[in-house]
């Protein structure tokens, strides 16, 4: 990962607003749109400088809410410039203009983990363990660096040409020190920990563990463990013991591991150390 070396270019107000013009000036060719949100889109492209495929996240400052611009965007840009890890999507350049911010990154040519599940179906326990170990590896790095992701989900776990994990999207990521508590409601409903849903003060790294449990469940079962039609229903289901379809034929070791991560009581929820030392993770 070379995100810490990503360039930041502040362009003058007369910079052309045409996306292709701005990026071409920096040596990046722009392709088709491959993803779109309320105030951002992702396009594919090519970097002449790096001689590789790229993805370009384009954030519209005209459309983005003021709170996002004042709080979340500065955090995201700071974090992607600092982190260095082989399991993090490499950021090649950050270009800041009057109307847009462009985040140019390596393209994960095999898409994301959710797309893989939808295309190929569930993983065997051996296959899931390989992906999960790589996710744990990068999350352990983040937590050691004092960063919580706060939006871990299959859609943010990208896959490179060799199907190795590349963590992405740090919109809600934030720094923390031991004992820090958050109160921000953020993340994706299917993956959000109950303490976040209740809008309690919460430890962001412990909330990340809950999301890990949902990811592992999805890898093995093909759907999430909870109904997300409404927050009250979701909160009720989260307090009940996680169940598994009989057709999945999963080992007791992996079921126990998932349950330990999807524990409502944060004092009893598994830690990264517990996960790494679990019988399932150390299965030969």
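Summary of values
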| quantity | calculated |
| --- | --- |
| Approximate shape of the stretch 3-106 as ellipsoid semi-axes (Cα gyration tensor, √5λ), whole Å, largest first | 19, 18, 13 |
| Tilt relative to the chain, helix 204-221 - C-alpha long axis, 0 to 90 degrees, to 10 | 70 |
| Stokes-Einstein D in µm²/s, Kirkwood radius over Cα pairs - the stretch 113-276 at 20 °C with 1.002 mPa s viscosity | 134 |
| 0 to 90° range, to nearest 10: angle between helix 73-82 axis and the chain longest Cα axis | 90 |
| Relative counts (whole %) of C-alpha pair distances in the stretch 135-209, using bins that are 10 Å wide | 19, 53, 24, 4, 0 |
| Relative contact order (percent, whole number), the chain, Cα cutoff 8 Å, 6+ residue spacing | 15 |
| Stokes-Einstein D (µm²/s) once Rh is taken as the Kirkwood radius of the stretch 190-271 over alpha-carbon pairs, at 4 °C in 1.567 mPa s | 101 |
| P(r) histogram, all alpha-carbon pairs of the chain included - 10 Å bins from 0, percent | 6, 28, 34, 22, 9, 2, 0 |
| Cα long-axis angle, helix 125-144 against the chain (0 to 90 degrees, to the nearest 10) | 60 |
| Relative contact order (%) - criterion: Cα under 8 Å, at least six apart; region: the stretch 3-106 | 35 |
| Cα gyration tensor, the stretch 236-277 - rounded (a/c under 1.5), prolate or oblate | oblate |
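Throughout, read-outs are computed from the coordinates displayed, never taken from laboratory work. Remember, predicted model here, so these are calculated numbers, not experimental data.
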